[in-house]
Amino acid sequence: MDSQALDALINRYVLFSCEGTAEGVVVQALYDNDLMVVPQSRVVMDSVITNRPYTRKRKAGEIANEYFSMDYETDGAQGLTVARIVDSHAAKFEFPRRQQNGTKVLSFLTRPEIEMLLIHAESAYSDWLKASRRNRQLKPSDFCKQQLGFADVKKGEFLREYWGNPGDLVDAIRAYAENCQRKPGELALADLLR
């Protein structure tokens, strides 16, 4: 990760925007166990659900309307960073010009899907590669259901139990980072780890 991205995580307040349930479970586990480079005191909590260190809002305008009325230049912080956890380069994500307020945006990609973490945790990456070569349309979540027997792979309750040991999650994130193909400058979940 480049120094500007690291600076945007360490020296600013950070609002995590999670694409789905699995992404939210991962961010919650990392936050609860103080495993991120982002200081816990600088994580912006969800405006609706108490003690949730992320929002499910994904549209720039909705995030701006909900979170930009607060002052993020307090306690030595240099403003706000929105950290998006997404599985692809989404369409245009820009805040309305009048609301930007110097907010930084970082996108952490979990391509092709965040379920790759389970595949790595189960030491099934080579099996995944073989299966995905035979069927180019195969999604990691379908592989988890069909080959690993995780019928509830998209359900929060299953994922919270599965990632109950934060060390297993960290190991899976690091293994995934070693095997995923990133373009220069792309950020991955491993970049959030201390």
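Ratio to report: Rg/Rh of the chain, with Cα atoms as the point set and Rh obtained by the Kirkwood method; give two decimals.
That ratio is 0.97, to two decimals.
At a 10 angstrom cut-off on C-beta neighbours, averaged per residue, how do the peptides 42-51, 114-123 rank from highest to lowest?
Working: 42-51: 14.1, 114-123: 22.0.
The most tightly packed comes first, giving 114-123, 42-51.
What is the local net charge at Asn135, summed over the other residues whose Cβ is closer than 14 Å to its Cβ (Lys, Arg +1; Asp, Glu -1)?
+4
Just name one of Phe68, Met45, Gly79: the one whose Cα is farthest towards the positive end of the charge dipole of the stretch 39-82 (beta-carbon charges, Lys/Arg +1, Asp/Glu -1).
Met45
Please compute the contact order of the chain in relative form: average sequence separation of alpha-carbon pairs under 8 Å and at least six residues apart, divided by the residue count, as a percent.
Working: 270 pairs, mean separation 49.0, N = 194.
Reported as a whole number, the value is 25 percent.
Which value, in Å² rounded to 10, gives the accessible area of Val170 with a 1.4 Å probe and all protein chains present?
The accessible area of Val170 comes to roughly 20 Å².
What is the extension gain from Asp7 to Asp152, computed as 0.36 nm multiplied by their sequence separation minus the C-alpha to C-alpha distance, in nm to one decimal?
The Asp7-Asp152 span can extend by a further 48.5 nm.
Assign one of three labels to the stretch 144-189, namely rounded, prolate or oblate, based on the Cα gyration tensor with a ≥ b ≥ c the square roots of its eigenvalues; rounded applies when a/c is under 1.5, prolate when it is not and a/b is larger than b/c, and oblate otherwise.
Prolate is the answer for the stretch 144-189, as a/c is 1.5 or above and a/b outweighs b/c.
Run the count for the chain, please: Lys pairs, Cα-Cα under 21 angstrom, 8 or more apart or on different chains.
Final tally of qualifying lysine pairs is 16.
Once the convex hull of the C-alpha atoms of the stretch 114-185 is built, how many Å³ does it hold per residue, rounded to a whole number?
Looking at the stretch 114-185, the number lands at 101 Å³ per residue.
The values are calculated or read from the model by the stated rules, or taken from the named source; none is laboratory data. The structure presented is a predicted model; accordingly, all values stated were derived computationally and were not measured. Every residue, glycine as well, gets a Cβ built from its backbone with ideal geometry; the counts of neighbours run over all protein chains shown. These accessible areas exclude ligands, DNA and RNA; they are computed on the full protein's heavy atoms, side chains included. Shrake-Rupley method; radii C 1.70, N 1.55, O 1.52, S 1.80 Å.
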